[in-house]
Amino acid sequence: MLFLTNSSSKSPASLAMQLADSQVEVRVDEIYTGAMVVAHYLRSSSTSSRVYVIGSQVLRNEISTRCADCVRWATPEEADTVVVSRDPSLDDELLLRFNRSLLRLIATCRDSDFPSDIGREPGPGSTVSRVEGALNLTARVIGKPNTYVLTEVMGLSNEELVQTVIIGDSLWQDIALSRNAGTKSVLLQSDESNLPTASPWQPDRVFTAIDQLLELFQEGQ
């Protein structure tokens with residue numbers, strides 16, 4: 001059982017504590033975050049990068065920890081790589097400072113929103129779109145529904161993917177990831193009758209309560 005989130009603003013340790021508060025016991029090494037996935041990609045794709053991060057301090061810390069010998073922090077003028085995630089404080093003046101001809105743009109994800117204690121808040125997608133428009137570049141999205149985390153970070157083989165079930169609450173991230181990777185899928189949502197029929201990605205199963213997953217495991221399907 002592994003846990004995957006596109007979030008890049010919380011560390012695996014803090015997420016493990018949050019899950020423990022909900023009576024879900026999980027080890028830190030069973031959690032994969034958007035920040036971890038981007039750091040893995042940076043380390044694997046380049047021997048040296050001059051990086052600027054538009055996003056959280058947690059994202060910067062993850063890159064520093066995992067890419068200390070292959071990443072150098074740079075000013076916007078010096079950067080050859082820009083990593084983008086959610087950043088409500090982003091201003092237009094910063095975007096004017098980048099040398100667009102030298103940049104590669106990497107995004108954690110395009111999630112439009114995410115749940116929080118105060119409801120749903122705008123996700124990284126709005127920041128990513130804003131940066132793409134300002135720099136006239138298209139970001140390479142590393143998080144869900146990109147299969148990179150499954151095949152490269154987790155190292156799952158084709159044989160293992162066939163025996164994998166992806167469980168999530170988003171058609172556009174979780175179920176799309178499942179279809180891209182060739183796994184089975186379960187969508188969790190409060191009302192099965194509200195399943196969007198126009199989506200190109202449809203789950204194998206739809207559950208309205210987390211404890212229904214026990215049925216899936218007992219059936220061995």
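The set of residues in region 4-28 being within 12 Å of the chain's Cα centre (by Cα) and either in a loop (DSSP other than H, G, I, E, B) or assigned by TED's automatic domain parsing to the domain that holds F114 (or both) consists of T5, N6, S7, S8, S9, K10.
Scanning region 179-193 turns up at least one residue that is farther than 30 Å from L96 by Cβ, assigned to a helix (DSSP H, G or I) and modelled with pLDDT under 90. Here region 64-77 is the region considered, the condition is being in contact with a Leu (Cβ under 9 Å, 6 or more places away or on another chain) and assigned to a loop (DSSP other than H, G, I, E, B), and the residue that is modelled with the highest pLDDT is P76.
As for region 84-107, it holds no residue that is closer than 17 Å to L2 by Cα and either outside any helix (DSSP H, G or I) or not basic (K, R) (or both). In region 29-52 there is at least one residue matching the filter, namely being surrounded by fewer than 19 Cβ atoms within 10 Å (Cβ to Cβ) and under 16 Å from the mean Cα position of the chain (by Cα). The set of residues in region 59-70 being surrounded by 19 or more Cβ atoms within 10 Å (Cβ to Cβ) and under 12 Å from K10 (Cβ atoms) consists of L59, E62. Filter region 113-139 down to residues that are within 19 Å of V38 (Cβ to Cβ) and either touching a Gly at 6+ places or on another chain (Cβ under 9 Å) or exposed (fewer than 14 other Cβ atoms within 10 Å of the Cβ) (or both), then give me how many there are. Result for region 113-139: 4. Annotation note: Cβ proximity below 9 Å between a residue of region 145-158 that is farther than 21 Å from P203 by Cβ and in contact (Cβ under 8 Å) with a residue 60 or more places away in the chain and a residue that is crowded, with 19+ Cβ neighbours inside 10 Å and hydroxyl-bearing (S, T, Y) (sequence gap 6+ or interchain) occurs for Y148/Y41; E152/Y41; V153/Y32; V153/Y41.
The values are calculated or read from the model by the stated rules, or taken from the named source; none is laboratory data. Keep in mind that this is a model prediction, so the values were computed, not measured. All Cβ positions, glycine included, derive from the backbone under ideal geometry; neighbour counts span all protein chains shown.
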